[in-house]
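Read the structure below first, then the notes.
Each reported figure results from applying straightforward, stated rules to the coordinates on display, with no laboratory input. This structure is a prediction, so every number in the text was calculated from the model and none was measured. Here the Cβ positions follow ideal geometry from the backbone for every residue, glycine too, while neighbour counts run over all protein chains shown.
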Amino acid sequence: MKRVIEGSQAVAEGVRLAGVQVVSAYPITPQTHIVEQIADFCATGVMNARFLRVESEHSALAALIGAASMGVRCFTATSSQGLALMHELLHWASGARLPIVMAEVNRALAPGWNIWTDQTDSLAQRDTGWIQLYCETGQEVLDTTLQAFRLAEAVNLPVMIVLDAFFLSHTYEPVDIPDEPEVAAFLPPYVPRFAMSTETPCAMGQMAPPSVYMEMRHNIHQAMQSALERFVEIDEEFGLKFGRGYGPVEAFRCEDAEIILATSGTITSTSRQVVEDLRAAGEKVGLLKIKLFRPFPVDAVRRHLLGVRKVAVIDRNFSFGAGGIFAQEVKAALYGQPGAPAVFGFVAGLGGRDVTEEVLMDIFRQARDKDAPDSESIWVGLREVMA
């Protein structure tokens, strides 16, 4: 069934179809429409789930850690300062190997107070042990929500579904909503690998002395590494069943490209049109969309970028003192590899500023016309302001 819905509603529909049993959330713009819709589903009996109303995002995730420890399928959603407030508990969830799924609607961090999109909030959590999947369209948001539960429960790690504020969360577009029996065949009821119960008493989150702590962290690392292969398998199965697949990366017009734009999120859609326009003008340019950020798909990135002359990575995020975060990851993946391209890191669109076709054309021209980048990060579209 195809309906015209918001990206936020696409998340909610995915959660409904996934048969989630416990939802806990605290409202924050621009995430609020997700949990409003889910709360309505729960109140009207559309979903047979418990909706927990809590006093903060910290409490929302704390409640789900308890619920997931008892072996039920769980979901939450947040943005920006809300995600920052969860930071401590993000580690508790991954360290306990709990397959919690969260929708994270990218919103710029304060101060100054800003409700529009950039990716710094989710990327600031990149070392917490959560798998991160970045979405381009409303359809991809719904599909990724279903895939996220399969993936989380396959490797026993939590997953973030990441979508741009307003460009996705509040924008309506046609979305194909699969039937419940089809989804149930792809995503059966959750059977936990372990769960707390009175029949089999156990302790969770107890003291981990030096004799065991490193091994616990190594196990999380191994699970994160296995998530890449499992995601590819899950995505391929999803594609066979529903006719749509995404992969950890997507290459567009890259076969003979000399310059490739590397993007994530909704900037990708505009970049596709720019690539087509540049191709029509005779430029050998391609696009690499990076969907899976953690674990980072190093081999796939190398496969598509090695042998290319130049790569322009477009970051809607920034790590102070270092640079654009996707650019850092791409450079690390390519470092020391024969045939590695020159990597240009561009920062654009922070705080929701539009990244238009003109901006992307300017980025392409700067990469094309220079042998090497002038600086670690090239900020595009800066206006003169007082220091």
Problem set entry | Tail fraction, Cα-Cα pairs, the chain, threshold 37 Å, whole percent | 20 percent
Exercise. Ranked by Cβ crowding within 10 angstrom, fewest neighbours first, how are Cys202, Cys42, Cys135 ordered?
Worked result: Cys202, Cys42, Cys135
Exercise. What nm value, rounded to one decimal, do you get for the distance between Asp179 and Met196 when each label is placed 7 Å out toward the C-beta?
Worked result: 4.1 nm
Problem set entry | Contact order relative to length of the chain, as percent, for alpha carbon pairs under 8 angstrom and 6 or more apart | 16 percent
Exercise. Where a Cα-Cα gap under 19 Å defines reach, which lysines qualify for Lys291, not counting those fewer than 8 residues away within the same chain?
Worked result: Lys331
Seminar exercise, completed: Under the rule rounded for a/c under 1.5, else prolate if a/b exceeds b/c, else oblate, using alpha carbon gyration tensor axes a ≥ b ≥ c, segment 175-225 is classed as oblate
Seminar exercise, completed: Residue span Lys370 to Asp40: 0.36 nm per residue of separation minus Cα-Cα distance leaves a gain in nm of 113.4 nm
For this session: Report the antiparallel proportion of the DSSP beta bridges in segment 250-379 as a percent, rounded to a multiple of 5.
Result: 20 percent
Seminar exercise, completed: Residues other than Pro99 with Cβ under 13 Å of its Cβ, Lys/Arg counted +1 and Asp/Glu -1, net out at +4
For this session: When a/c is below 1.5 the answer is rounded, else prolate if a/b is larger than b/c, else oblate, so apply that to segment 147-189 with a ≥ b ≥ c taken from the square roots of the Cα gyration tensor eigenvalues.
Result: oblate
Seminar exercise, completed: Computed over the chain: longest principal axis from alpha-carbon atoms vs helix 57-69 long axis, angle to nearest 10 degrees, is 60 degrees
Exercise. Given 0.36 nm per residue, what is the gain on full extension from Glu236 to Glu358 after removing their alpha carbon distance, in nm?
Worked result: 40.4 nm
Problem set entry | Neighbour-count order for Met47, Met207, Met160, Met214, fewest beta carbons within 10 angstrom listed first | Met207, Met214, Met47, Met160
For this session: Just rank Phe51, Phe41, Phe231, fewest to most, by other beta-carbon atoms within 10 angstrom.
Result: Phe51, Phe41, Phe231
For this session: Counting helices only, and only those DSSP H runs with n ≥ 4, report the 222 nm mean residue ellipticity of the chain as the sum of -39,500 (n - 2.57) divided by its residues, in deg cm²/dmol to the nearest 500.
Result: -13000 deg cm²/dmol
Exercise. At Glu283 and His218, where each label point lies 7 Å from the Cα along Cα→Cβ, what is the point-to-point distance in nanometres?
Worked result: 4.9 nm
For this session: Determine, for each peptide in 152-159, 53-60, the mean count of other beta carbons within 10 angstrom over its residues, then list the peptides with the highest first.
Result: 152-159, 53-60
For this session: Check each of the chymotrypsin sites (Phe, Trp or Tyr not before Pro) in segment 86-117 and keep only those in coil by DSSP with at most 12 other C-beta atoms within 10 angstrom; list them in order.
Result: Trp113
Exercise. Please state the relative contact order of segment 286-354 as a whole percent: Cα pairs under 8 Å, 6+ residues apart?
Worked result: 37 percent
Exercise. Computed over the Cα atoms of segment 3-64, what is the ratio Rg over Rh, Rh following Kirkwood?
Worked result: 0.95
Problem set entry | Under 19 Å from Lys2, Cα to Cα: aspartates and glutamates that are on another chain or at least 8 residues apart | Glu13, Glu136, Glu140, Asp143, Glu173, Asp176, Asp179, Glu180, Glu182
For this session: Evaluate E = 1/(1 + (r/R0)^6) for Trp379 and Gln225, where r is the Cβ-Cβ distance and R0 equals 30 Å; express this FRET efficiency to the nearest 0.05.
Result: 0.30
For this session: Looking at segment 2-242, send over the antiparallel percent of its DSSP beta bridges, to the nearest 5.
Result: 20 percent
Problem set entry | Debye log10 I(q)/I(0) at q = 0.12, 0.15 Å⁻¹ for segment 250-379, Cα point scatterers | -0.38, -0.62
For this session: Please list, or write none, the aspartates and glutamates whose alpha carbon is within less than 14 Å of the alpha carbon of Lys284, excluding same-chain residues fewer than 8 places away.
Result: Glu255, Asp256, Glu258, Glu276, Asp369
For this session: Could you point to the residue in Ala165, Leu306, Leu240 farthest towards the positive end of the chain's charge dipole, with +1 and -1 charges on the Cβ of Lys/Arg and Asp/Glu respectively?
Result: Leu306
Seminar exercise, completed: Toy charge model, Lys and Arg Cβ at +1, Asp and Glu Cβ at -1: segment 188-312 dipole around Cα centroid in debye, rounded to 20, equals 260 debye
For this session: About the Cα centre of segment 250-379, how large is the charge dipole given +1 on each Lys and Arg Cβ and -1 on each Asp and Glu Cβ? Please answer in debye to the nearest 20.
Result: 360 debye
Exercise. How many nm separate the modelled label positions at Leu306 and Ala208, each set 7 Å beyond the Cα in the direction of the Cβ?
Worked result: 3.4 nm
